[in-house]
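The structure under discussion appears below in the form of structure tokens.
The values are calculated or read from the model by the stated rules, or taken from the named source; none is laboratory data. Keep in mind that this is a model prediction, so the values were computed, not measured. Using ideal geometry, Cβ is built from the backbone for each residue, glycine included, and neighbour counts are taken over all protein chains shown. With ligands, DNA and RNA removed, areas are computed over all heavy atoms of the protein, side chains included. Shrake-Rupley method; radii C 1.70, N 1.55, O 1.52, S 1.80 Å.
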Amino acid sequence: MTRARCLIVLLDGLGDRPSVELKKRTPLMYARKPFIDRLSREGVNGLMDPVGPGIPVGSDTGHLAILGYDPYKYYTGRGPFEALGAGIRLEPGDVAFRYNLATVDENWRLIDRRAGRISTEEAEVLADSLRDLAADLSKGGVEVIIRSTVEHRGVLVLRGPSLSHKVTDVDPHKENVTVEMPRPTEASEGARRTAQILAELIKGSHALLTVHELNRDRVRRGMMAANALLTRGGGVMPNLYSLNERFKIRSSVIAGGALYKGVCGAAGMEVVNVEGATGTLKTNLAGKFRAARDRLRVDDLVFLHIKGTDSASHDRSPASKAQFIERVDEEFSRAFGDTPSGLVICVTGDHTTSSITGEHRGDPVPLLIWGDEVRRDGVESFDEVNCSKGGLNRLRGLDLMNVLLDVANVTEMFGE
Ligand code: ZN
Ligand code: ZN
């Protein structure tokens, strides 16, 4: 029995709903994507509920489930995965948060959750300017680590004795509301102390960022000042039994965003860094697909994550989501158009993101598996509607690894 190698191409927030803008079609139905459609025609298709039917999930819980880890068991918050993905080695007891560099007015009313999608370079300069504040706060016995990642995104880690992730999100997740300082969500000394340190950091950084020369310059240029650090997703790192041990495979991840490197890294996958892989719409798709092709010479499983589809949905732009899918198809075809034998390819998403509302929804996501030995079905093109007629029917995210690695002849028999 020959084992095949597996490539998962995960298009973030791939699933969508039909929009008037695209003449009642979803971006995937609308996009011209001859290569992915060919894989669909030659492969087996279906729909997947990342966590469960009708449950809208985040990228963190969606990815955990797709990699075979029940998020209800292992998930406390996205912070620790973001931190790991940003290259911070977490220690037991560390509490990690995701943060957004945002724009608030003088009364802490939230104007823009992403500070006008500030550039990665500018966000880094601003995060660096908080180093002295972090050092001052660290004198109280809790080390504060702040690291900027992609655009407005960053990671905050608190390290010290008796901390807790049981504090409220500071990011209200919507604009035009007043930002509230963190509060403990349980009656423990750790939660109280964590909320207090966070509040000091958030207020202190606001004071520093407001007068920062870069922000003054942004305002002069008619842009928004990135003057607030909004934390969310506090959590501690779960102890995951690695994919490599579980399936006796060697695996790697190619991604731009810190979260994806973090979740896959926590599952024991090797993180491959590709120049220009930014996790944005302008990411180096060609480089990522080339790197995947290279890694498949040594790895049994390569997980290639592409974020642009989700970003376009959050920006409520079905047309640019469709355009981005077309670009993905071109680069995918350039790297894998010869469809080498001994390879199993899976294309799917981690959740549906509606490009009408800009929010994650609970509709299932399309899924295809292509390979030498798959049973073909009658599906002719890859989208939300056609996949519902496919041979994989409807899967749960938790089953994907088993199904995929079984098609590749990797999974071992249960019983004898
Ligand atoms: Zn996602
Ligand atoms: Zn999203």
Practice item. Scan region 9-28 and report the pairs whose first residue is outside the structural domain of Leu67 (by TED's automatic domain parsing) and whose second residue is open to solvent by less than 10 Å² (accessible area, probe 1.4 Å), with Cβ atoms within less than 6 Å and a gap of 6+ or a chain change. Key: none
Review point. Ser388: of a type in the set (Ser, Thr, Tyr), within 22 Å of the chain's Cα centre (by Cα) and over 23 Å from Lys288 (Cα atoms), yes or no?
Key: no
Practice item. Give the number of residues within region 281-325 that are part of a helix (DSSP H, G or I) and within 16 Å of ligand 1 (Cβ to nearest atom). Key: 10
Study note, to complete from the structure: Of the conditions (1) open to solvent by 10 Å² or more (accessible area, probe 1.4 Å); (2) at pLDDT 95 or above; (3) over 22 Å from the mean Cα position of the chain (by Cα), the single one that Leu395 does not satisfy is (3)
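For the structure I just gave you, tell me whether Ala123 is in a helix (DSSP H, G or I), in contact with a Ser or Thr (Cβ under 6 Å, 6 or more places away or on another chain) and either open to solvent by 10 Å² or more (accessible area, probe 1.4 Å) or modelled with pLDDT under 95 (or both). Break it down into steps so the answer makes sense when it comes.
Values: in a helix (DSSP H, G or I): yes; in contact with a Ser or Thr (Cβ under 6 Å, 6 or more places away or on another chain): yes; either open to solvent by 10 Å² or more (accessible area, probe 1.4 Å) or modelled with pLDDT under 95 (or both): no.
Here the answer is no, as Ala123 does not meet what is asked.
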Review point. Are there any helices (runs of 4 or more DSSP H) wholly within region 1-98 with 1 or more residues that are open to solvent by 10 Å² or more (accessible area, probe 1.4 Å) and more than 15 Å from ligand 2 (Cβ to nearest atom), and if so which?
Key: 27-30, 34-42, 71-74, 79-85
**Study point:** Any chance Asp310 is open to solvent by less than 20 Å² (accessible area, probe 1.4 Å), on the phi < 0 side of the Ramachandran plot and within 16 Å of the chain's Cα centre (by Cα)
**Key:** yes
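Do you know which residues across region 330-339 are crowded, with 16+ Cβ neighbours inside 10 Å and either within 13 Å of ligand 2 (Cβ to nearest atom) or among the hydroxyl-bearing types (Ser, Thr, Tyr) (or both)?
Ser333
Hey, among the residues in region 344-357 that are open to solvent by less than 10 Å² (accessible area, probe 1.4 Å) and more than 13 Å from ligand 1 (Cβ to nearest atom), which one's farthest from Leu28 (Cα to Cα)? Quick ask: steps written out before the conclusion?
Just the residues of region 344-357 that are open to solvent by less than 10 Å² (accessible area, probe 1.4 Å), to begin with: 344-355.
From the residues that got through so far, the ones that are more than 13 Å from ligand 1 (Cβ to nearest atom) too are 344-347, 355.
Numbers: Val344: 22, Ile345: 18, Cys346: 16, Val347: 12, Ser355: 12 Å.
Here the residue is Val344.
Of all the residues that make up region 198-218, how many are touching a Leu at 6+ places or on another chain (Cβ under 7 Å), open to solvent by 70 Å² or more (accessible area, probe 1.4 Å) and more than 18 Å from Glu124 (Cβ to Cβ)?
Looking only at that region, the number is 1.
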**Study point:** Selected residue (criterion: surrounded by the fewest Cβ atoms within 10 Å (Cβ to Cβ)) from residues of region 365-380 that are more than 16 Å from ligand 2 (Cβ to nearest atom) and closer than 18 Å to Thr309 by Cα
**Key:** Leu368
**Study point:** Checklist (1) among the aliphatic types (A, V, I, L, M); (2) crowded, with 24+ Cβ neighbours inside 10 Å; (3) more than 19 Å from Leu39 (Cα to Cα) applied to Val302, failing item
**Key:** (3)
Check your understanding: Do we have Gly13 as within 16 Å of ligand 1 (Cβ to nearest atom) and either over 21 Å from Leu405 (Cβ atoms) or charged (D, E, K, R) (or both) here?
Key -> yes
**Study point:** Ile145 vs. criteria at pLDDT 95 or above and either crowded, with 19+ Cβ neighbours inside 10 Å or of a type outside the set (A, V, I, L, M) (or both)
**Key:** no
**Study point:** Identity of the residue in region 99-118, open to solvent by less than 50 Å² (accessible area, probe 1.4 Å) and part of a strand (DSSP E or B), that ends up nearest to Val144 (Cα to Cα)
**Key:** Tyr99
Review point. Counting just the residues of region 340-361 that are more than 24 Å from Thr61 (Cβ to Cβ) and either touching a residue at least 40 places away in the same chain (Cβ under 8 Å) or in the same structural domain as Glu175 (by TED's automatic domain parsing) (or both), which one comes out farthest from ligand 2 (Cβ to nearest atom)?
Key: Gly342
